[in-house]
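The values are calculated or read from the model by the stated rules, or taken from the named source; none is laboratory data. Only a predicted model underlies this, so the values are computations on that prediction, with no experimental measurement involved. Note: ideal-geometry Cβ built from the backbone for every residue, glycine included; neighbour counts use all protein chains shown. When the accessible area is computed, the model is the full protein with side chains, heavy atoms only, and any ligands, DNA or RNA have been set aside. Shrake-Rupley method; radii C 1.70, N 1.55, O 1.52, S 1.80 Å.
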Amino acid sequence: TAGTILPFADGVAQWDFQLDDRPPRQEGEQAWNAAVVMAMPGYLETLGVPLRRGRPIQATDGPGDPWVGVVNETFARTYWPDRSLDEVVGRRWGYQQTEDSTTWITVAGVAADPRRTDLDEEPYPQVWIPALQAGASSYFWPRSLRVAVRTGTDPASLTEPIRRLLADIDPDLPMYEVATMEAVVAERLARPRLTTSLLAFFGLLALLLAAVGVYGVVSYSVAGRTREMGVRRALGAGIGSVRSLVVREGLRPVLFGVAVGLLGAWGATRWVESLLFGVEPTDPLTFVLIPAIFVGVGLAASWVPAVRATRVAPTVALRQE
């Protein structure tokens, strides 16, 4: 297939239009606007854009046929908010070419919102117009088309066959900027991935340092209570009760720190929201896993020295300075 623009590419055209079922906009009123892509048959299918209602662009949508197009869900909900997607099919929008001439286009289908330039962008109204029909009008004439090929084999192996095929159609057709969609997406994600990787590295480093610090402080504090444990055991306290007491007291500052950290992390979520895709800033797994790690470190830091200290005979523990 081919189209004037492919996902994650800059330069999407945006045109004002009219709606057939309401009065023309008056001067000074906000324009009705949508991104426009002129596409060949198979465009949506090749790029994997799901069709919600109606039909996609077909080979029968030629220059002599009634003008049709496909709109995305945001277009349908923005300009026909009181209509279902089924009711949007058959509606018309149009582009005014002269004061007395408007090209009306009937909605043949409604497709899902595609990613236009970035993963974190808000959905924007978009339409797809058959390139075969657009080529019949000097107003819509596309200056260039980008070819998209879906294959189950290595995409790089198809570069030369496609180049030869285009040369058979027209030897003067230039073929440039050949890339896989994975490479295009990777290039778009390079900067946020670098930022996220650095944040993840320093975050893990901070987590490691914090865990070592918590373990060291709590372990030192518990180890310094060996004499106290000896006194408790000499007075009849059981090993289990002594260990439980030490663990509870050792975990108290850890739990307080975790609570404060959770509140701080919750308040800082808006600063990292732009770096996330497919993960909510308040991801439940993150807010459960990280505190659990600190609580586990605090538990180990209290339990290990408590076990070590209670294994010392009370008479030996009482003689320790």
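For residues in region 288-299 being of a type in the set (Gly, Ala, Ser) and surrounded by fewer than 17 Cβ atoms within 10 Å (Cβ to Cβ), which is modelled with the highest pLDDT? Break it down stepwise before answering.
Just the residues of region 288-299 that are of a type in the set (Gly, Ala, Ser), to begin with: 292, 296, 298.
If we keep only those that are surrounded by fewer than 17 Cβ atoms within 10 Å (Cβ to Cβ) too, we end up with 292, 296.
Working: Ala292: 89, Gly296: 86.
The qualifying residue modelled with the highest pLDDT is Ala292.
Within region 1-29, which residues are within 16 Å of Pro123 (Cα to Cα) and either assigned to a strand (DSSP E or B) or of a type in the set (A, V, I, L, M) (or both)?
Within region 1-29, Leu6, Ala9, Val12, Ala13, Gln14 qualify.
Looking only at region 240-262, which residues are loosely packed, with under 14 Cβ neighbours inside 10 Å and farther than 16 Å from Val295 by Cβ?
Gly240, Ser241
Among what's in region 213-230 and is of a type in the set (Val, Ile, Thr) and either at pLDDT 80 or above or open to solvent by less than 60 Å² (accessible area, probe 1.4 Å) (or both), pick the residue that is nearest to Thr310 (Cα to Cα). Please lay out each step first, then the result.
Going through region 213-230, the residues of a type in the set (Val, Ile, Thr) turn out to be 214, 217-218, 222, 226.
Among the residues that remain, those that are also either at pLDDT 80 or above or open to solvent by less than 60 Å² (accessible area, probe 1.4 Å) (or both) are: 214, 218, 222, 226.
Numbers: Val214: 21, Val218: 16, Val222: 11, Thr226: 8 Å.
Step by step, filter region 213-230, then rank; the result is Thr226.
Report yes if some residue within region 264-275 is closer than 30 Å to Pro305 by Cβ, open to solvent by 40 Å² or more (accessible area, probe 1.4 Å) and not aromatic (Phe, Trp, Tyr); otherwise report no.
As a first pass, look at region 264-275 and keep what is closer than 30 Å to Pro305 by Cβ: 264-265.
With open to solvent by 40 Å² or more (accessible area, probe 1.4 Å) added as a condition, the list becomes 264-265.
When the remaining residues are screened for being not aromatic (Phe, Trp, Tyr), the result is 264-265.
Looking through region 264-275, at least one residue is closer than 30 Å to Pro305 by Cβ, open to solvent by 40 Å² or more (accessible area, probe 1.4 Å) and not aromatic (Phe, Trp, Tyr).
Would you check which residues across region 30-58 are in a strand (DSSP E or B) and on the phi > 0 side of the Ramachandran plot and list them?
Of the residues in region 30-58, the ones in a strand (DSSP E or B) are 33-39, 51-54.
Within region 30-58, Gly54 is the sole residue that qualifies.
When the residues of region 170-190 are filtered to those that are part of a helix (DSSP H, G or I) and of a type in the set (Asp, Glu), which remaining residue is surrounded by the most Cβ atoms within 10 Å (Cβ to Cβ)? Don't jump to the end; show me each part of the working.
Pass one, region 170-190, residues part of a helix (DSSP H, G or I): 181-190.
From the residues that got through so far, the ones that are of a type in the set (Asp, Glu) too are 182, 187.
On the way: Glu182: 9, Glu187: 11.
The selected residue is Glu187.
Residues of region 8-56 being modelled with pLDDT of 85 or more, more than 22 Å from Thr103 (Cα to Cα) and not β-branched (Val, Ile, Thr), which ones?
Passing the criteria: Gly42, Tyr43, Leu44, Glu45, Leu47, Gly48, Pro50, Leu51, Arg52, Arg53.
Report, by residue number, each residue of region 240-287 that is at pLDDT below 75 and either over 30 Å from Arg193 (Cα atoms) or not in a loop (DSSP other than H, G, I, E, B) (or both).
Arg270, Trp271, Val272, Glu273, Ser274, Leu275, listed by residue number.
Would you be able to say whether some residue in region 33-51 is open to solvent by less than 40 Å² (accessible area, probe 1.4 Å) and more than 30 Å from Pro155 (Cβ to Cβ)?
Scanning region 33-51 turns up at least one residue that is open to solvent by less than 40 Å² (accessible area, probe 1.4 Å) and more than 30 Å from Pro155 (Cβ to Cβ).
Considering region 52-66 alone, what residues qualify as being of a type in the set (Val, Ile, Thr) and open to solvent by 60 Å² or more (accessible area, probe 1.4 Å)?
First pass over region 52-66, keeping only residues of a type in the set (Val, Ile, Thr): 57, 60.
The answer is Thr60, and nothing else.
Residue pairs, Cβ under 9 Å, 6 or more apart or interchain, first in region 7-21 and over 10 Å from Trp32 (Cβ atoms) and open to solvent by 60 Å² or more (accessible area, probe 1.4 Å), second among the aromatic types (Phe, Trp, Tyr) and not in a strand (DSSP E or B). List them.
Listed pairs, sorted by first residue: Gln14/Tyr124; Asp21/Trp80.
Okay, residues lined up against (1) without any contact (Cβ under 8 Å) to a residue 12 or more places away in the chain; (2) touching a helix residue (DSSP H, G or I) at 6+ places or on another chain (Cβ under 8 Å); (3) open to solvent by 80 Å² or more (accessible area, probe 1.4 Å); (4) not β-branched (Val, Ile, Thr):
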| site | (1), (2), (3), (4) |
| --- | --- |
| Thr153 | yes, no, yes, no |
| Arg163 | no, no, yes, yes |
| Asp168 | yes, no, yes, yes |
| Pro192 | no, yes, no, yes |
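Which of the residues spanning region 210-239 are charged (D, E, K, R), assigned to a helix (DSSP H, G or I) and in contact (Cβ under 8 Å) with a residue 60 or more places away in the chain?
Filtering region 210-239 down to residues charged (D, E, K, R) leaves 225, 227-228, 232-233.
Those left that are additionally assigned to a helix (DSSP H, G or I): 227-228, 232-233.
Hits for region 210-239 are Arg227, Arg233.
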